[in-house]
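The values are calculated or read from the model by the stated rules, or taken from the named source; none is laboratory data. None of the values given here were measured: they were computed from a predicted structure. When we count neighbours, we look across all protein chains shown, and the Cβ atoms used for this are built from the backbone with ideal geometry, even at glycine.
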Amino acid sequence: MVKPIQGPKLYEPPVGQQDHISNDALTEQLTAELNKFYPNTSIVYSLIKKGANPDATNIAGSTALVLAATVGDLKLATLVIEKVANINTKTMDGGTALIRALENKNYLVAMLIAKKLVEKF
C-alpha cells in the first residue's frame, strides 16, 4: 500500500511546552510561508490561529489576507479579518486584498472585505 504524501510539518514543541511558543516565532514561520512561490493556505491558517501576526508580510508586501483574496480562500480571509488585520495594507505594487480578490474573480472574499471596510465607517 502506498502512503499518501504529506506536506511540510509545522514546528511542534515538546509535549507540555505547546503554550510557550512565542508569537514572534509563529510570525517568522508565517512570513517564511508567505515568501514561498506557492504558499500553503492551510499552514498560513494554522499559524494565524495559533497567534502569528495576521499583518505579517512577505518580501512583496503581501499579507495572509492578500493571499486569501488571490486564491479565494474564504475560511482564511474570515480568520484574518476576525483577528483585526489591517485590510487596507498595500503590496509593493500598490494592490490591496480587495483589488486582488476582484482581479481573480473571488467575489465572496471581495464581498467579505468590502463589508468590513463599510463597517469601519
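Structure notes:
- Pair list, Cβ < 7 Å and 6+ apart or interchain, from segment 44-73 residues that are at positive phi to residues that are of a type outside the set (A, V, I, L, M) and assigned to a helix (DSSP H, G or I): 51/23
- When segment 71-109 is limited to residues that are in contact with a Lys or Arg (Cβ under 9 Å, 6 or more places away or on another chain) and surrounded by 19 or more Cβ atoms within 10 Å (Cβ to Cβ), the one that is farthest from residue 29 (Cα to Cα) turns out to be 106.
- Only one entry in 67, 79, 102 is more than 25 Å from residue 22 (Cβ to Cβ) and not acidic (Asp, Glu), namely 102.
- Positions within segment 50-60 being closer than 20 Å to residue 104 by Cβ and either exposed (fewer than 15 other Cβ atoms within 10 Å of the Cβ) or in contact with an Asp or Glu (Cβ under 7 Å, 6 or more places away or on another chain) (or both), in sequence order: 60
- Members of segment 50-69 found to be assigned to a helix (DSSP H, G or I) and more than 11 Å from the chain's Cα centre (by Cα), listed by number: 50
- Test: residue in segment 18-30 that is modelled with pLDDT of 90 or more and surrounded by fewer than 17 Cβ atoms within 10 Å (Cβ to Cβ): yes
- Within segment 31-49, being surrounded by 15 or more Cβ atoms within 10 Å (Cβ to Cβ) and not in a loop (DSSP other than H, G, I, E, B) holds for 31, 33, 34, 41, 43, 44, 45, 46, 47, 48.
- Taking segment 73-100 as the range and being outside any helix (DSSP H, G or I), among the basic types (Lys, Arg) and more than 12 Å from the chain's Cα centre (by Cα) as the test, only 90 passes.
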